[in-house]
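Shown next, in structure tokens, is the structure this report addresses.
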Amino acid sequence: QVQLVESGGGLVQAGGSLRLSCAASGRSFSSYAMGWFRQAPGKERDIVAAINWRGDITYAADSVKGRFTISRDNAKNTVYLQMNSLKPEDTAVYYCAAATRTPGLLPPRYQYEYDYWGQGTQVSVSS
């Protein structure tokens, strides 16, 4: 059983920065691929970024590439999402997710590939 708890969300002005954290329980965190997803009102839950278990392969959606960076610290059982140059369209509930099984080296990009989810944290960006 994996338990994920997000933190770091809040209200920020456009152009500002936030860093989200996801603390994971369990002994096998270092073997899980991790992802960040977001869902805005009236929209689907979409991938934001993902990282493989080793932390050396990452993925970022085109909409956030160059602005958001995913990283992890396996010693702390924590994955991060550094969000810079925030835009109003980044406003959403952000979810941390863990994939206990990965078919390959690349981190999963789809919601169905993840097994555990955090409760979500609200990020609101004002113009």
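Details
- Flag for ARG19 being open to solvent by 10 Å² or more (accessible area, probe 1.4 Å), without any contact (Cβ under 8 Å) to a residue 60 or more places away in the chain and not β-branched (Val, Ile, Thr): no
- Highlighted here are the strands (runs of 3 or more DSSP E) found entirely within region 2-118 that include at least 1 residues which are among the small types (Gly, Ala, Ser) and at negative phi: 4-7, 18-24, 33-39, 46-51, 58-60, 68-73, 92-99.
- Consider region 45-60 and keep the residues that are of a type in the set (Gly, Ala, Ser) and open to solvent by 10 Å² or more (accessible area, probe 1.4 Å). The one that is farthest from GLN119 (Cα to Cα) is GLY55.
- Only one of the numbered conditions (1) surrounded by 15 or more Cβ atoms within 10 Å (Cβ to Cβ); (2) farther than 22 Å from GLY16 by Cβ; (3) not hydrophobic (A, V, I, L, M, F, W, C) is not met by TYR94, and that is (2).
- Applying a threshold of 7 Å to beta carbon distances and a minimum spacing of six or more residues, or different chains, the list of pairs starting in region 74-90 at a residue that is over 18 Å from LEU4 (Cα atoms) and ending at one that is open to solvent by 50 Å² or more (accessible area, probe 1.4 Å) and at pLDDT below 95 reads PRO88/SER127.
Residue-by-condition table, conditions (1) open to solvent by less than 60 Å² (accessible area, probe 1.4 Å); (2) within 20 Å of GLN39 (Cβ to Cβ):
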{"residue": "TYR80", "(1), (2)": "yes, yes"}
{"residue": "SER85", "(1), (2)": "no, no"}
{"residue": "ALA99", "(1), (2)": "yes, yes"}
{"residue": "LEU105", "(1), (2)": "no, no"}
{"residue": "GLU113", "(1), (2)": "yes, yes"}
{"residue": "GLN122", "(1), (2)": "no, yes"}
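- Of the candidates ARG67, ARG27, the single residue that is open to solvent by less than 60 Å² (accessible area, probe 1.4 Å) and without any contact (Cβ under 8 Å) to a residue 60 or more places away in the chain is ARG67.
The values are calculated or read from the model by the stated rules, or taken from the named source; none is laboratory data. Note that the coordinates shown come from a computational prediction; the quantities given were computed from them, not determined experimentally. Reconstructed Cβ throughout: ideal geometry from the backbone, glycine too, with neighbour counts over all protein chains shown. Side chains included, ligands, DNA and RNA excluded: accessible areas come from the protein's heavy atoms. Shrake-Rupley method; radii C 1.70, N 1.55, O 1.52, S 1.80 Å.
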